[in-house]
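Inspection log for the structure reproduced underneath, given as structure tokens.
The values are calculated or read from the model by the stated rules, or taken from the named source; none is laboratory data. Not measured: the values here are computed from a predicted model. No Cβ is skipped: glycine too gets one built from the backbone with ideal geometry, and neighbour counts run over all protein chains shown. What goes into the accessible areas is simple: the full protein's heavy atoms, side chains included, and nothing from ligands, DNA or RNA. Shrake-Rupley method; radii C 1.70, N 1.55, O 1.52, S 1.80 Å.
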Amino acid sequence: MNDHPHTLMISEVTLDGKLTLGKGVSSKILMKYMSHESEVMLHETRAAYDAIMVGSSTIRIDNSSLTVRLVEGKSPLRVIPNSEADLPVDRAVFDTTKAPTVLAVTKKASEERLKLFREKGVDVVVAGEDKIDFPLLMKILMENYGVQSLIVEGGSTLNWHMLHHHFVDEIRIINMPFIVGGFDTPSLVGGERLGSEDDMISLSLKKTFMCGTNLITEYDVTY
């Protein structure tokens, strides 16, 4: 059995590799300039996958709902790693009338906080002592929720964790024809710096095509 669901990382990225206009700025501002065709493709992909995972910072800043809206289809299971369960419970992703949600926490999370999420119908799973144990989380998603396919939609820290554990199988970049700059503006992958060139993650270009005004590049991750 595989140690993780088949995982596709999707992100809109500027020419200089940025995900947003600046640190702490919502990526929704940049996404306003995505072509309608690219938006439809994004929602078609969501409808085709079992689950979608987004990091805590993205939920905190963007208040993403992560549902299927522009096409017919079922919304995927939404998975949010949040070590201490300290996200606001009023975020759109925790409205379980729209789609089911799993909050992945650690043993550091207080029962008081967990109770608030459970009252909203959110499934809470403990995956780790003080940091999210991503291999354990992948196992839980497969064994307890039947997740065989997973989308990862940023941000840079979650992207690093998933790549670091070799869980990403494919990457799809929606290229945005802009340059934003900024020394601390989040890029596609954050996390820890490489120890050496031997730690670089290798990609194999699979496909390029235009989707409206956006160039789409798709890669297989070969590690």
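Among (1) free of Cβ contacts under 8 Å to residues at least 60 places away in the same chain; (2) under 27 Å from LYS32 (Cα atoms); (3) out of contact with any His (no Cβ under 8 Å at 6 or more places or on another chain), which single condition is GLY191 missing? Exception for GLY191: condition (3).
Of everything in the range 4-26, what is over 14 Å from VAL189 (Cα atoms) and either touching a His at 6+ places or on another chain (Cβ under 7 Å) or assigned to a strand (DSSP E or B) (or both)? Give them in sequence order.
Across the range 4-26, the qualifying residues are HIS6, THR7, LEU8.
Cβ separations smaller than 9 Å between residues 6+ apart or across chains give the following pairs from the range 152-165 residues that are at positive phi to residues that are β-branched (Val, Ile, Thr) and buried (at least 24 other Cβ atoms within 10 Å of the Cβ): GLY154/THR58.
Among the criteria (1) part of a loop (DSSP other than H, G, I, E, B); (2) open to solvent by less than 50 Å² (accessible area, probe 1.4 Å); (3) of a type in the set (Val, Ile, Thr), the one THR97 does not fulfil is (2).
Okay, residues lined up against (1) more than 23 Å from THR157 (Cβ to Cβ); (2) touching a Leu at 6+ places or on another chain (Cβ under 8 Å); (3) modelled with pLDDT under 95:
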site: MET53; (1), (2), (3): no, yes, no
site: SER57; (1), (2), (3): no, no, yes
site: LEU66; (1), (2), (3): no, no, no
site: LYS74; (1), (2), (3): yes, no, no
site: VAL79; (1), (2), (3): no, yes, no
site: ASP86; (1), (2), (3): no, no, no
site: THR97; (1), (2), (3): yes, no, no
site: VAL105; (1), (2), (3): no, yes, no
site: SER110; (1), (2), (3): no, no, no
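Here ASP198 meets each of (1) under 28 Å from SER35 (Cβ atoms); (2) open to solvent by 60 Å² or more (accessible area, probe 1.4 Å); (3) among the charged types (D, E, K, R) with one exception, condition (1). Among the conditions (1) part of a strand (DSSP E or B); (2) in contact (Cβ under 8 Å) with a residue 40 or more places away in the chain; (3) open to solvent by 70 Å² or more (accessible area, probe 1.4 Å), the only one that ILE174 does not satisfy is (3).
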